[in-house]
Each structure stands twice: as structure tokens, then as C-alpha cells.
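*Asks:* Following this message is one structure expressed as C-alpha cells.
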Amino acid sequence: QFAKAEDAIKYRRSALFVMQQNFGRVAAMAAGKAPFDAKVAAESAEVAAFMSKLPWSAFVEGSDKGDTKAKAEIWTDKAKFNENAEKLQADMAKLSAAAKTGNLDNIKAAVGAAGGNCKTCHDAFRS
Ligand code: ASC
């Protein structure tokens, strides 16, 4: 899928960046740091949920060097890494569903769950 390891790294970092920008917009609303706009929250959460599907196929063998914070554990503990990736996708989908309800309390709970996955995975797999 990728011509070089560098492309795989750029691809996954770009996907994660777009996901974070959209997730962060919703999280800021959930935290009361930005005014709540139900339409923007729903659109942003939908994009974040879609983007959450993309990074994982780009963690190809040999892409642990270069412009990346990826730890070797991604490849040595692949089962746990995949489990985290799947949990994130499930929780991002739940956040998108919550955002579509337009209810800020639903969104707050779902933001907490989804964000928890970011941190769990970073602690274990990002240097
Ligand atoms: C973000 C971001 C993360 C998560 C994490 C939540 O917006 O970049 O890594 O949320 O901070 O605990």
C-alpha cells in the first residue's frame, strides 16, 4: 500500500492529526472551553469517527524509524495494539452517535471514554 516507510508514517500521522483536530473541537465543547454548537459537534465527531479507522493499516513493518514516535512494542505486542485501536474506533463511533443526539451530557460521557483510549495507547506505544 505504501511506496516507502516514510509515506506510511506521514499517512498515519496525518490521519491521527485530522482525527485529533475534530475530536479536540468536540472535547473543547464538552469541557465548556468552547461554546456548544450541536451541528458542528455532530459533524466533527463524524469525521473523527471516520478518521479513527485509517491510521492502523499504516503501522507497517519497518516503519519504526524516522519521523515517528512509534515504539517497538507496536510490533512486538501487536495484539494489544490492535485491541486499543479497535476500542478507539468503537468509542469514536459511540461519540459520533452521541453527538447526533445533540445532548451535551451524552457527548461529555462519550468524549471521556474516547479520550481515555488516546491516552492508554500513547502511554504504552508512543515515546
Ligand atoms: C486529545 C489528544 C489526545 C487525547 C488525550 C485525552 O485531544 O491529542 O491524545 O485527547 O489527551 O486524554
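*Asks:* Within the range 63-70, identify whether any single residue is within 16 Å of the ligand (Cβ to nearest atom), under 30 Å from Ala3 (Cβ atoms) and open to solvent by 60 Å² or more (accessible area, probe 1.4 Å), and answer yes or no.
*Replies:* Looking through the range 63-70, at least one residue is within 16 Å of the ligand (Cβ to nearest atom), under 30 Å from Ala3 (Cβ atoms) and open to solvent by 60 Å² or more (accessible area, probe 1.4 Å).
*Asks:* Ok, one more. Just wondering, is there one or more residues in the range 26-48 that are among the aromatic types (Phe, Trp, Tyr) and either under 18 Å from the mean Cα position of the chain (by Cα) or part of a helix (DSSP H, G or I) (or both)?
*Replies:* No.
*Asks:* Moving to a separate point now. Filtering the range 25-36 down to residues that are open to solvent by 70 Å² or more (accessible area, probe 1.4 Å) and away from the ligand (no atom under 13 Å from the Cβ), which residue is nearest to Lys100 (Cα to Cα)?
*Replies:* Phe36
*Asks:* Against the condition over 18 Å from Ile9 (Cα atoms) and modelled with pLDDT of 95 or more, how does Asn117 come out, does it pass?
*Replies:* Here the answer is yes, as Asn117 does meet what is asked.
*Asks:* Using beta carbons and a limit of 7 Å, which pairs, at least six apart or on different chains, have the first residue in the range 3-24 and over 20 Å from Ala99 (Cβ atoms) and the second one assigned to a helix (DSSP H, G or I)?
*Replies:* If the second residue must be assigned to a helix (DSSP H, G or I), the pairs left are Ala8/Ala58; Tyr11/Ala58; Arg12/Pro55; Arg12/Ala58.
*Asks:* Scan the range 97-127 residue by residue and report those that are open to solvent by less than 30 Å² (accessible area, probe 1.4 Å), away from the ligand (no atom under 11 Å from the Cβ) and under 18 Å from Pro55 (Cα atoms).
*Replies:* Across the range 97-127, the qualifying residues are Ala124, Phe125.
*Asks:* Just one of Ser14, Ser57 is part of a helix (DSSP H, G or I), surrounded by fewer than 16 Cβ atoms within 10 Å (Cβ to Cβ), in contact with a Lys or Arg (Cβ under 9 Å, 6 or more places away or on another chain) and not acidic (Asp, Glu); which is it?
*Replies:* Ser57
*Asks:* A follow-up question, please. Quick test for you: out of Ala93, Ala79, pick the one residue that is hydrophobic (A, V, I, L, M, F, W, C) and either open to solvent by less than 70 Å² (accessible area, probe 1.4 Å) or in contact with a Leu (Cβ under 9 Å, 6 or more places away or on another chain) (or both).
*Replies:* Only one candidate qualifies: Ala93.
*Asks:* A further question follows. Output the qualifying pairs, or none if there are none: Cβ atoms under 7 angstrom, residues six or more apart or on different chains, first residue in the range 98-116 and among the polar types (S, T, N, Q), second residue open to solvent by less than 70 Å² (accessible area, probe 1.4 Å) and modelled with pLDDT of 95 or more.
*Replies:* From the range 98-116, the pairs are Asn106/Ala98.
The values are calculated or read from the model by the stated rules, or taken from the named source; none is laboratory data. Small disclaimer: the values here were computed from a predicted structure and weren't measured. Positions of Cβ are backbone-derived with ideal geometry, glycine not excepted, and every protein chain shown enters the neighbour counts. Side chains included, ligands, DNA and RNA excluded: accessible areas come from the protein's heavy atoms. Shrake-Rupley method; radii C 1.70, N 1.55, O 1.52, S 1.80 Å.
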